[in-house]
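Taking it in order: structure first as structure tokens, then the write-up.
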Amino acid sequence: MNTLVKTIEVLGIIAFALTGIYAAKKKGMDIIGVYSLAMVTALGGGSLRDIILNRHPLFWIEHYEYALLLLVLAIVSAMAAQDIFEKKGLVNIVLALDALGLGSFSASGASLSDQLGCALFVSSLLGVITGVFGGVMRDIVCNEIPYVFQRTELYATCSFVGAWTYLLVVRSSGNDVIAAVACICATFILRIFALRYKIKLPL
């Protein structure tokens, strides 16, 4: 794995882990639940991507430090006062982190798939899978209808646009760093814009 993909994966892992920890604390889970939900949210999408691409070992097994990082985050959050997670302003922070994680994982999924020679459309879909399916698994564990499957503000669409942004920029410029930054920015801005103005798909 090149340095770029690893860097943006770490960024996405931290962002998504924190959203998983927030969901676990809101459900009143103990340290085991917090760690499990952080793992599922942060690593689920990338694991599914690796299974589809037949990449072994899975990325977080190859880089076991990811799991250790999540354990540290889970322990710190478990020690934090519960009322911190009840603060209204924290919701906006979680939404921003989620948008950041979505962009980061969309970039890593599209990048890795493109490097392995997948067709552009396939690479874009794998970017979306990497970006959204950790959240799908998180919601299922929490016994909720996955957010991405509800008629809510644009989510998977943001990931799709971001993945295509990466692919088009990297193909035109040959610079994967610029492409990754463009993907993260496009995904993040579109997601925040959709939340701000309540933009949904027409169908």
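Is it fair to say Ile14 is in a helix (DSSP H, G or I), on the phi < 0 side of the Ramachandran plot and open to solvent by 40 Å² or more (accessible area, probe 1.4 Å)? Quick ask: steps written out before the conclusion?
Values: in a helix (DSSP H, G or I): yes; on the phi < 0 side of the Ramachandran plot: yes; open to solvent by 40 Å² or more (accessible area, probe 1.4 Å): yes.
Spelling it out, Ile14 is indeed in a helix (DSSP H, G or I), on the phi < 0 side of the Ramachandran plot and open to solvent by 40 Å² or more (accessible area, probe 1.4 Å).
Please name all residue pairs, on different chains or six or more residues apart, with Cβ atoms under 7 Å, provided the first residue is in region 74-86 and is touching a residue at least 60 places away in the same chain (Cβ under 8 Å) and assigned to a helix (DSSP H, G or I) and the second residue is open to solvent by less than 90 Å² (accessible area, probe 1.4 Å) and aromatic (Phe, Trp, Tyr).
Phe85/Tyr22
So for region 18-31 (the condition being open to solvent by less than 40 Å² (accessible area, probe 1.4 Å), under 21 Å from Asn2 (Cβ atoms) and either part of a helix (DSSP H, G or I) or in contact with a His (Cβ under 6 Å, 6 or more places away or on another chain) (or both)), does at least one residue qualify?
no
Of all residues being of a type in the set (Asp, Glu) and farther than 15 Å from Phe105 by Cβ in region 38-71, which is most open to solvent (accessible area, probe 1.4 Å)? Just the residue, please. Before the answer, list the steps.
Looking only at region 38-71, we keep the residues that are of a type in the set (Asp, Glu), and these are 50, 62, 65.
Next cut, farther than 15 Å from Phe105 by Cβ only: 62, 65.
Working: Glu62: 88, Glu65: 69 Å².
Only one residue fits best here, namely Glu62.
Return yes when Ile93 is in contact with a Pro (Cβ under 9 Å, 6 or more places away or on another chain) and without any contact (Cβ under 8 Å) to a residue 12 or more places away in the chain and no when it is not.
no
Among the residues of region 154-203, write down those that are within 15 Å of Gly131 (Cβ to Cβ), among the polar types (S, T, N, Q) and either at pLDDT below 95 or more than 16 Å from the chain's Cα centre (by Cα) (or both).
Of everything in region 154-203, just one residue is within 15 Å of Gly131 (Cβ to Cβ), among the polar types (S, T, N, Q) and either at pLDDT below 95 or more than 16 Å from the chain's Cα centre (by Cα) (or both), namely Thr165.
Out of (1) within 19 Å of Asp50 (Cα to Cα); (2) at pLDDT 95 or above, the odd one out for Leu70 is which?
(1)
Taking region 136-180, which residues are part of a loop (DSSP other than H, G, I, E, B) and either in contact with a Gly (Cβ under 9 Å, 6 or more places away or on another chain) or open to solvent by 80 Å² or more (accessible area, probe 1.4 Å) (or both)?
Those that are part of a loop (DSSP other than H, G, I, E, B) and either in contact with a Gly (Cβ under 9 Å, 6 or more places away or on another chain) or open to solvent by 80 Å² or more (accessible area, probe 1.4 Å) (or both): Asn143, Glu144, Ile145, Pro146, Gln150, Arg151, Tyr155.
The values are calculated or read from the model by the stated rules, or taken from the named source; none is laboratory data. The model shown is predicted, which means the values in this text are computed figures rather than measured ones. Cβ: placed from backbone, ideal geometry, glycine included. Neighbour counts: every protein chain shown. Ligands, DNA and RNA are excluded from the accessible area calculation, which covers all protein heavy atoms including side chains. Shrake-Rupley method; radii C 1.70, N 1.55, O 1.52, S 1.80 Å.
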